[in-house]
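Chemist: Just dropping this structure here.
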Amino acid sequence: MYECCNRTFETLNEFKKHIKSRRVHSLTKSNVIDINLPRSIVYSIISKRDFFMRLLNLASLDNNDKYLLLLPTKKYVVGSTLKRSLAVRVEGPKSDKGLPTYVIYAGNLIYKISFKVDSIAESKTRVSLISTFEADIGRLGTLLPSVVIRKLSNLPSPGKILEEFEREIKILDLRSYGVTSK
């Protein structure tokens, strides 16, 4: 099953037809996580840029907003790190409709990750995470959908970002109980 523009496609041919139909494609995923930490602590963690950079495995290129997004590889090859990475610019955390939001720009790719933090009880918090990915594939991309599919499959999907955030925040939740993770 394939997903794009918040629709699902059963076959590869349907998906390729969709890729050919327009230049700009997007995908949005969201999730809600309950955490046994006070709202103030969770909000301060989310507002720290270092937590967000570690979450997405971004390596700093300089002291400004430029980072290196390391792309996953299927095999270990010496010297492939720089070949399998993407230079990105990160903005945030900034307020977008009252939500702490990070925006990652990588040429014609844009990731937007927003957090909503609500108190459930004195020491319990509910975090809503909204992750959006948008790509402008250009005219050539509409002519060669197979290449677009292969290249975009290497990038972290909004669903993968949600999984990483949930894993990281659950580790913090366990640490609040004095449990160490391995």
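The values are calculated or read from the model by the stated rules, or taken from the named source; none is laboratory data. The structure displayed is predicted, hence computed values, not measured ones. Side chains are part of the model used for accessible areas, which takes the heavy atoms of the whole protein and leaves out ligands, DNA and RNA. Shrake-Rupley method; radii C 1.70, N 1.55, O 1.52, S 1.80 Å.
Chemist: GNM on the chain, C-alpha springs below 10 Å: top fluctuator among Glu166, Glu14, Glu91?
Modeler: Glu14
Chemist: Of Lys66/Lys124; Lys94/Lys151; Lys66/Lys170, which pairs sit farther than 32 Å apart, going by alpha carbon to alpha carbon?
Modeler: Over 32 Å apart, Cα to Cα: Lys66/Lys124.
Chemist: Do you know the relative contact order of the chain, to the nearest whole percent, from alpha carbon pairs under 8 angstrom that are 6+ apart?
Modeler: 27
Chemist: How about Lys20: which aspartates and glutamates have a C-alpha closer than 14 Å to its C-alpha, ignoring those fewer than 8 places off in the same chain?
Modeler: Excluding near neighbours in sequence, the set is Asp136.
Chemist: Here's a follow-up. In what order, largest first, do Thr125, Thr28 sit by accessible area if the probe radius is 1.4 Å?
Modeler: Of Thr125, Thr28, the descending order of accessible area is Thr28, Thr125.
Chemist: To continue, here is another question. Using the heavy atoms of the protein chains alone and a 1.4 angstrom probe, what is the accessible area of segment 104-145 per residue in square angstrom?
Modeler: 49
Chemist: What do you get when you divide the Cα radius of gyration of segment 21-74 by 2.2 N^0.38 Å, with N the number of residues?
Modeler: Here the Cα radius of gyration is 1.58 times the empirical estimate.
Chemist: Moving on. Amide H of Ser85: which non-local residues (sequence gap of 5 or more, or other chain) have their own amide H closer than 5 Å, using H built in the peptide plane?
Modeler: Leu71
Chemist: Also, quick follow-up: Helix-only estimate, please: 222 nm mean residue ellipticity of the chain, summing -39500 (n - 2.57) across DSSP H runs of length 4 or more and dividing by its residues, to the nearest 500.
Modeler: Only helices count here, giving -9500 deg cm²/dmol.
Chemist: Can I ask one more? Note down the accessible area of Ser85, probe 1.4 Å, to the nearest 10 Å².
Modeler: Approximately 20 Å² for this residue.
Chemist: Which entry in (1) 54, 37, 31; (2) 50, 34, 34; (3) 55, 40, 27 matches Cα extents along the principal axes in Å derived from the coordinates of this structure?
Modeler: This structure yields the entry labelled (1).
Chemist: While we're here: Which Rg and Dmax, in Å, describe the Cα atoms of segment 86-163?
Modeler: Computed over the Cα atoms of segment 86-163, radius of gyration and Dmax are 15.8, 55 Å.
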